[in-house]
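Sending over a structure as structure tokens; questions will come in a sec.
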Amino acid sequence: MHPEAIEQAYLNERDRDLPTLQIRGEYWLECAKLLKTHEELDFRYLRNIAGVDYETHMEVVYHMVSLKTKRQCCVKVTTDRDHPSVPSVEPIWLTANWNEREIYDLFGIQFPGHPDLRRIMMPDDWVGHPLRKDYEPYDPEV
């Protein structure tokens with residue numbers, strides 16, 4: 001793995017000391033492949049993916065599990081707020097397919113390399129992404 005791939009590594013005390021890595025987006029695919037295929041890591045199960053809006057930037061958070069060792073890991077990939085984009089891991093973990101579509105639909109984060117990135121919850125003609133903090137609903141009463 002590239003020496004500049006990891007921005008930060010720590011144990012998340014709020015989540016039972018869950019090992020957490022912050023990975024630079026340009027190295028995310030390389031890291032994802034390593035996390036899944038490395039004999040000792042063996043994170044073959046991608047349990048969850050979530051989008052987060054911090055107002056200054058966007059983030060995609062991945063939770064994975066090794067079914068062999070029962071170890072867990074969290075990976076965070078930060079992206080620009082104005083043009084949010086994180087490489088798709090759908091070719092690595094097929095379970096990422098609908099999760100990435102949901103994050104795209106609700107947060108507007110692009111996933112280059114995704115085979116079918118389109119809205120999954122909102123109608124195709126919906127304007128905006130409802131979970132972004134700067135989203136202005138058509139009717140604020142609703």
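For the stretch 61-70, enumerate the residues that are within 22 Å of Glu13 (Cβ to Cβ) and touching a residue at least 12 places away in the same chain (Cβ under 8 Å).
Correct list: Val61, Tyr62, His63, Met64, Val65, Ser66, Thr69.
Next question. Can you give me the number of residues within the stretch 75-84 that are charged (D, E, K, R) and open to solvent by less than 40 Å² (accessible area, probe 1.4 Å)?
So the count comes out to 2.
Among the residues that make up the stretch 65-73, is at least one of them in contact with a Ser or Thr (Cβ under 7 Å, 6 or more places away or on another chain) and among the polar types (S, T, N, Q)?
The answer is no; no qualifying residue exists.
Further question: Among the residues of the stretch 118-132, write down those that are without any contact (Cβ under 8 Å) to a residue 24 or more places away in the chain and either open to solvent by 50 Å² or more (accessible area, probe 1.4 Å) or in a helix (DSSP H, G or I) (or both). Walk me through it before giving the result.
Of all residues in the stretch 118-132, those without any contact (Cβ under 8 Å) to a residue 24 or more places away in the chain come to 118-128.
Across the stretch 118-132, the qualifying residues are Arg118, Ile120, Met121, Pro123, Asp124, Asp125, Trp126, Val127.
If you take the residues of the stretch 85-100 that are open to solvent by less than 10 Å² (accessible area, probe 1.4 Å) and of a type outside the set (Val, Ile, Thr), which of them is farthest from Met122 (Cα to Cα)?
If we take residues in the stretch 85-100 being open to solvent by less than 10 Å² (accessible area, probe 1.4 Å) and of a type outside the set (Val, Ile, Thr), then Trp93 is farthest from Met122 (Cα to Cα).
Output the residues belonging to the stretch 86-105 that are touching a residue at least 60 places away in the same chain (Cβ under 8 Å) and among the aromatic types (Phe, Trp, Tyr).
Trp93
Could you check the stretch 36-74 and list, in sequence order, the residues that are open to solvent by 60 Å² or more (accessible area, probe 1.4 Å) and within 27 Å of Tyr135 (Cα to Cα)?
Asn48, Tyr54, Glu55, Thr56
Does Ala32 qualify as being over 26 Å from Asp125 (Cα atoms) and in contact with an Asp or Glu (Cβ under 8 Å, 6 or more places away or on another chain)?
Judged against the criteria, Ala32 is not a match.
Another question, if that's okay. When you scan the stretch 65-76, do you find a residue that is β-branched (Val, Ile, Thr), on the phi < 0 side of the Ramachandran plot and over 17 Å from the mean Cα position of the chain (by Cα), even just one?
In the first step, residues of the stretch 65-76 are kept if they are β-branched (Val, Ile, Thr); the result is 65, 69, 75.
Subsequent filtering for residues that are on the phi < 0 side of the Ramachandran plot retains 65, 69, 75.
This time we only want the ones that are over 17 Å from the mean Cα position of the chain (by Cα), so: 69.
Yes.
Hey, can you tell me all the residues within the stretch 1-45 that are aromatic (Phe, Trp, Tyr), without any contact (Cβ under 8 Å) to a residue 40 or more places away in the chain and closer than 24 Å to Asp80 by Cα?
Matches in the stretch 1-45: Tyr10, Tyr27.
The values are calculated or read from the model by the stated rules, or taken from the named source; none is laboratory data. Model, not experiment: these values are computed from the prediction. Here Cβ is always computed from backbone atoms with ideal geometry, including for glycine, and neighbour counts include all displayed protein chains. These area figures cover heavy atoms from the full protein model, side chains too; ligands, DNA and RNA do not enter into them. Shrake-Rupley method; radii C 1.70, N 1.55, O 1.52, S 1.80 Å.
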